[in-house]
1. Considering Thr60, Thr65, which residue is without any contact (Cβ under 8 Å) to a residue 24 or more places away in the chain and buried (at least 19 other Cβ atoms within 10 Å of the Cβ)?
2. Say whether the condition of being at pLDDT below 50 and hydroxyl-bearing (Ser, Thr, Tyr) is met by at least one residue in the stretch 311-318.
3. Tell me which residues, restricted to the stretch 56-95, are β-branched (Val, Ile, Thr) and assigned to a strand (DSSP E or B).
4. Taking only pairs six or more apart or across chains, which ones have beta-carbon atoms under 8 Å, a first residue in the stretch 231-252 that is closer than 15 Å to Ala213 by Cβ, and a second residue that is among the polar types (S, T, N, Q) and not in a loop (DSSP other than H, G, I, E, B)?
5. From the list Gly20, Gly12, exactly one residue is out of contact with any strand residue (DSSP E or B) (no Cβ under 7 Å at 6 or more places or on another chain) and not charged (D, E, K, R). Which is it?
6. List the pairs whose first member sits in the stretch 37-50 and is within 13 Å of Phe186 (Cα to Cα) and of a type in the set (Lys, Arg), whose second member is more than 6 Å from the ligand (Cβ to nearest atom) and assigned to a strand (DSSP E or B), and whose Cβ atoms are under 6 Å apart, counting only residues at least 6 apart or on separate chains?
7. Scanning the stretch 72-89 for residues that are within 21 Å of the chain's Cα centre (by Cα) and aliphatic (A, V, I, L, M), which turns out surrounded by the fewest Cβ atoms within 10 Å (Cβ to Cβ)?
8. Could you tell me whether any residue of the stretch 123-141 is more than 30 Å from Asp232 (Cα to Cα), among the acidic types (Asp, Glu) and within 16 Å of the ligand (Cβ to nearest atom)?
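The values are calculated or read from the model by the stated rules, or taken from the named source; none is laboratory data. Values in this document were obtained by computation on a predicted structure and should not be read as measured data. Virtual Cβ from ideal backbone geometry, glycine too; neighbours counted across all protein chains shown.
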Amino acid sequence: MSKSTCTVTINGKKIKANVGDTLIDAGLGGRLVLPHDCCSGQCESCRVRILEGQVDDLGTREKNTVLGCLAVLEGDAEISYDPVPLVKTTKGIVDSIRKIKEDYLEVRVKVFKTIPWLPGQYLRATFSGFPSRDYSPTTPLNLDAEEGYVVFHIKVYPNSIVSSKLGSEIRKGHSVKLRGPFGNAFLRRQPEPIVLTSTGTGFAPIWSIAVAANRGQPGREIRLVVGSRTRDGLYMRDAVRWLRNQGIPVTLTASDGDNETVMTARPYELLGNLSPDHIIYSAGAPSHVDATRELALQAGATFYADPFYVAEDSKSIFTLASTLIRKVKTPADTATVG
Ligand code: FES
């Protein structure tokens, strides 16, 4: 008869679990909460390392990591994960909404209590009276970060439920609830070279990682490839100037580029040589993230992703089929758009 219980060791703590438990459930059995969010294989928050043992990865394996919300125990195992700040809820108000470029806003929220996050993670923001949306807190484009404030880059989609109301129904002083942080694509202080790549407002987490890595690890090799559908979407010119002044190479690309200052290839085609030493962070459209993942895994590199999913709005799916919103938590959430 096969064994129905097993022992899983998580960050050094031994826990009795059932064969067939997901890694998250096994942790909960020992009062250990693995980082997680969607619990449906989409957000990557729960990615853990398998150090040894018997785990069915259910197709989620990347190098020695699996998704803890899907992978199940087949027997004794040892896993580990990088510690992240505890998930908290805090309240705040909109402090300012600044148009960075047509359809791109920098929204600054004054929080009543600090909410810790690591560069690359995301928060769930609920503007009072509106459905929640996930946004990556980021460094202001002019680097004037202030304690007690959280900054988001938000693309405005016409007729959308939340983003199109910013500046009209959602203005300075509007109440906001923030919950988080979530996500596994956060900066680790390793020595290896980093390749950062984004499309659209996927630049928000990528920019915060670049700034933190540059300031915290001045000698670390960094390069960026930043794409947008058109040049108008390259809203981050101030940030690019700062990065280049720090000696960090930045490649910009858009379908209407000039092949001089702005290239025309797809961003993943411009990543350059990748090796097993590289650590790659990718954020933005799922097609971009998937293509980058493929290249990273082929090269044996370490890969962290922050995909933004397509909204499926039952009322406006035809007009908003290409709308990208931040992560989708549950199937129910896919019924709303940014
Ligand atoms: S919690 Fe596992 S992928 Fe989101």
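1. Thr65
2. Yes, the stretch 311-318 has at least one match.
3. Thr65, Val66, Val72, Ile79, Thr89, Thr90, Ile93, Val94, listed by residue number.
4. Leu243/Asn214; Gln246/Asn214; Ile248/Asn214
5. Selected residue: Gly12, the only one of Gly20, Gly12 that is out of contact with any strand residue (DSSP E or B) (no Cβ under 7 Å at 6 or more places or on another chain) and not charged (D, E, K, R).
6. Arg47/Thr65
7. Leu86
8. no
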